[in-house]
């Protein structure tokens, strides 16, 4: 989708992977059912989105953009409480702020403004978790900020090693840090800076993935998700993402998903 696309419209080709390259100043945002491969400067991103039940649109909102200079890209994933109008409002606020900070590698100001917007526009009882990654294609730097969202995974190809990407404790004492958007007025957000190498993968996901249940009622959990990822093909974003989605379906067996499910796999392209 481009920057003017609406949230919640049906996807004509659900679950079909269609490679596309984002142009400078272009954005791609949705909360619809999809499986898409998106090319960004220096990165390839595979997006898997399955709303709960038979709905075409869910409470998970994903967003990818490239700045007008084609240097800074942003990848974001948010999980909004509730469905329907709350998600539509959040999606519009997120899109507006993403456009305002389109050139910014840092995510902290974006998170603070979005936190305030959620409180003002959605009111009490609504909140959202979110993780955002700013990517500098020329410097090869990724800057991640997390607002109460599940920790991302990082695959280092040169070591054939998986680890977690978690932000450090807040430097400002006396102020809560990293809590979901919309819950508190005075919140600070931290950043995590990494320099992925060629072939490295970063995996964002919603809690509908890590909280998947087996037929026996056992939750996958973060440890289970990590073990699942270690057994998969990490040679490309699409290979890892496709196999991870299949592994989740196998883990659930005949059980149906209990929440929206979104996976975003990013791969650092060859230098």
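For (1) surrounded by fewer than 22 Cβ atoms within 10 Å (Cβ to Cβ); (2) at pLDDT 90 or above; (3) farther than 15 Å from residue 106 by Cβ, each residue gets a yes or a no:
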site: 126; (1), (2), (3): yes, no, yes
site: 136; (1), (2), (3): yes, yes, no
site: 153; (1), (2), (3): no, yes, yes
site: 158; (1), (2), (3): yes, yes, yes
site: 170; (1), (2), (3): yes, no, yes
site: 203; (1), (2), (3): no, yes, yes
site: 211; (1), (2), (3): yes, yes, yes
- From the list 239, 234, pick out the single residue that is modelled with pLDDT of 95 or more, within 20 Å of the chain's Cα centre (by Cα) and not in a helix (DSSP H, G or I). 234
- Note on the structure: Here, strands (runs of 3 or more DSSP E) confined to the stretch 92-166 with at least 1 residues that are in contact with a strand residue (DSSP E or B) (Cβ under 6 Å, 6 or more places away or on another chain) and under 22 Å from residue 58 (Cβ atoms) are 128-136, 141-147, 152-156
- Task: With respect to residue 114, determine if the residue is buried (at least 22 other Cβ atoms within 10 Å of the Cβ) and closer than 16 Å to residue 191 by Cβ.
- Result: yes
- Listed by first then second residue, the pairs whose first member lies in the stretch 31-52 and is on the phi > 0 side of the Ramachandran plot and modelled with pLDDT of 95 or more, whose partner is part of a strand (DSSP E or B) and surrounded by 23 or more Cβ atoms within 10 Å (Cβ to Cβ), with beta carbons under 6 Å and at least 6 positions apart or on separate chains, are none
- Task: Would you confirm whether any residue within the stretch 176-196 is buried (at least 16 other Cβ atoms within 10 Å of the Cβ), on the phi > 0 side of the Ramachandran plot and without any contact (Cβ under 8 Å) to a residue 40 or more places away in the chain?
- Result: yes
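The values are calculated or read from the model by the stated rules, or taken from the named source; none is laboratory data. It should be emphasised that the depicted structure is a prediction, and the values quoted were computed from it without experimental measurement. Don't worry about glycine lacking a Cβ; one is built from the backbone with ideal geometry, like all the others, and counts go over all protein chains shown.
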